[in-house]
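To start, the structure itself, in structure tokens.
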Amino acid sequence: MEKLFTPFQAGDTDLVNRVVMAPMTRSRAMSGDTADELTAKYYQQRASAGLLITEGSQISVQGQGYLFTPGIYSGAQVQGWQKVTKAVHNAGGKIYIQLWHVGRISHNSLQTDGQAPVSSVAATASNSTCYARDESGRPGPVPVSEPRALSVPEIKAVVQDYVQAAKNAIRAGFDGVEIHAANGYLLEQFINGGLNIRKDEYGGADPENRLRFVLEVTDAISAAIGAGKTGIRLAPFGRLFDMHAFDNEEETWLLLADKLSARSLSYVHLSDQQTLGEQAIPAGFIEKFRAACSAPLIIAGGFDKQRAEAYLQEGKADLIGFGRPYIANPDLVERMANDWPLNEVNRATMYGGDEKGYTDYTFWADSQD
Ligand SMILES: Cc1cc2nc3c(=O)[nH]c(=O)nc-3n(C[C@H](O)[C@H](O)[C@H](O)COP(=O)(O)O)c2cc1C
């Protein structure tokens, strides 16, 4: 029997199979950064996954780096997400929301009163764009702004923003939350030793200091909604958004693995960035991570059915995340289970726009009419 289609329990949530829809920004929250009926339809179409993880959803205005991404900090946003969770649950699915703070990958125009975005240190990400309005007011990619370093009281306030967002998520009907600590955004801007040269207890050479913020967020959310409803996404050796190699890089990630292991989380999710154009997680690292961390493990990045099954059979992961294949195949589970061919993703409609490239990808059964 193929393991990919067998059930698994992740924290408090029973999953009918081990197929996870990886979090993917789609930039279609056109009104008030709020999920709507179209968002609900998109996720409902994909509800046969064992677990859906939503697109990154900003926990605050400060946490936003792209126009038209949904938030989870206002009452209207909670109501918008309620439509989504209801639709997914009606279809028998399970859904987590990804909690996002972009840190320095933002632009002054997206921030309250045009303030600077925030990060661990005041260093601008090179060769990095976010998505905001240009001088003529037209939405488009713009170079990220120079950030300022968060003060310690401000770090504590951001932890509280995460907690409020997690509580909002439960009110909105989500089965749990995924902390986005991957892909070069705020929490990774603290973990990365090349960037975070702060002199206080949140940075510098000692990895314990650089891990403090992400662990405080994890613990505060777990205390608020339960560890069994709390997952976290990491990108070990991640290079997206001007992240660089740093001293004792592997040791830092394995120390974090060890610390997360003690926390009885719903899952830990590793993002391999190879298919996003960056280096792969080095060979042998996943085995070491797994040895250090007893939490259920999701791995995403470049999987098809065969590779997913091999990872599960070898015990390298418990669950497999699929990104782009899920954009183009709402019935990815059925297609993989029956060895039906997959639709190809259209890159031009990945971000922004309407139903096209969002809810109009065909189900295999309909394409046979
Ligand atoms: C259009 C698009 C949007 C994405 N948005 C997010 C996001 O919001 N949060 C995140 O953690 N990863 C994001 N990712 C990364 C995916 O979750 C996934 O790790 C990546 O696509 C590799 O998996 P794949 O090879 O199966 O596509 C995004 C990827 C794509 C293609």
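The values are calculated or read from the model by the stated rules, or taken from the named source; none is laboratory data. A quick note: this is a predicted structure, and the numbers were derived from the prediction, not measured. All Cβ positions, even for glycine, are placed from backbone atoms using ideal geometry, and neighbour counts span all protein chains on display. Remember, those area values only see protein heavy atoms, side chains included, never the ligands or the DNA or RNA. Shrake-Rupley method; radii C 1.70, N 1.55, O 1.52, S 1.80 Å.
A few points about this structure:
- Accessible surface of the chain, 1.4 Å probe, proportion on carbon and sulfur as whole %: 50
- Greater than 21 Å apart at Cα, pairs in Lys259/Lys316; Lys3/Lys305; Lys3/Lys316; Lys83/Lys156; Lys199/Lys288: Lys83/Lys156; Lys199/Lys288
- Mean-position separation - Cα centroids, segment 295-328 and segment 1-49, in angstrom: 15
- Whole-Hz ³J(HN,Hα) from phi, Karplus 6.51 cos²θ - 1.76 cosθ + 1.60, for segment 13-30, glycine and proline x: 10, 8, 9, 7, 8, 9, 8, 10, 7, 5, x, 9, 4, 10, 6, 10, 7, 7
- Counting every alpha-carbon pair across segment 207-299, the share separated by more than 20 Å comes to 35%.
- Counted over segment 3-367, the DSSP beta bridges are approximately 20% antiparallel.
- In this structure, the amide hydrogen of Arg28, modeled 1.01 Å from its nitrogen in the peptide plane, lies closer than 5 angstrom to those of Gly352, counting only residues at least 5 positions away or on a different chain.
- Mean-square fluctuations from a GNM of the chain, with a 10 angstrom spring cutoff on Cα atoms, peak among Ala169, Ala181, Ala310 at Ala310.
- Segment 105-146-segment 51-93 distance, computed between alpha-carbon centres (Å): 22
- Tensor-based shape of segment 283-369 (alpha-carbon gyration tensor, a/c under 1.5 rounded, otherwise prolate or oblate): prolate
- By average C-beta atoms within 10 angstrom, highest first, the peptides 94-101, 354-361: 94-101, 354-361
- For the chain, the mean residue ellipticity at 222 nm estimated from helices alone is -9000 deg cm²/dmol, where every DSSP H run of n ≥ 4 contributes -39500 (n - 2.57) and the total is divided by all residues, rounded to the nearest 500.
- The order of His244, His89 by accessible area, most exposed first and with a 1.4 Å probe, is His244, His89.
- Gyration tensor verdict on segment 220-369 (Cα atoms; rounded if a/c is under 1.5, prolate if a/b is larger than b/c, oblate otherwise): prolate
- Projecting the Cα positions of Ala283, Phe5, Ala310 onto the charge dipole of the chain (unit charges on Cβ atoms of Lys, Arg, Asp and Glu, taken about the Cα centre) puts Phe5 furthest along the positive direction.
- Less than 5 angstrom separates the built amide H of Leu15 from those of Phe8, Gln9, Ala10, all sequence-distant by 5 or more or on a different chain.
- Efficiency of FRET from Cβ geometry, Asn346 and Glu154, R₀ 30 Å, rounded to 0.05: 0.15
- Compactness of the chain, expressed as Rg and Dmax over alpha-carbon positions, Å: 19.3, 64
- Amide hydrogen neighbours beyond the local backbone of Thr54, cut-off 5 Å, H modeled: Tyr96, Ile97, Gln98
- Surface analysis of the chain yields an accessible area of 39 Å² per residue, using protein heavy atoms and a 1.4 Å probe.
- Karplus-derived HN-Hα couplings along segment 332-338 (A = 6.51, B = -1.76, C = 1.60, θ = phi - 60°), whole Hz, x at Gly and Pro: 4, 4, 5, 4, 5, 4, 9
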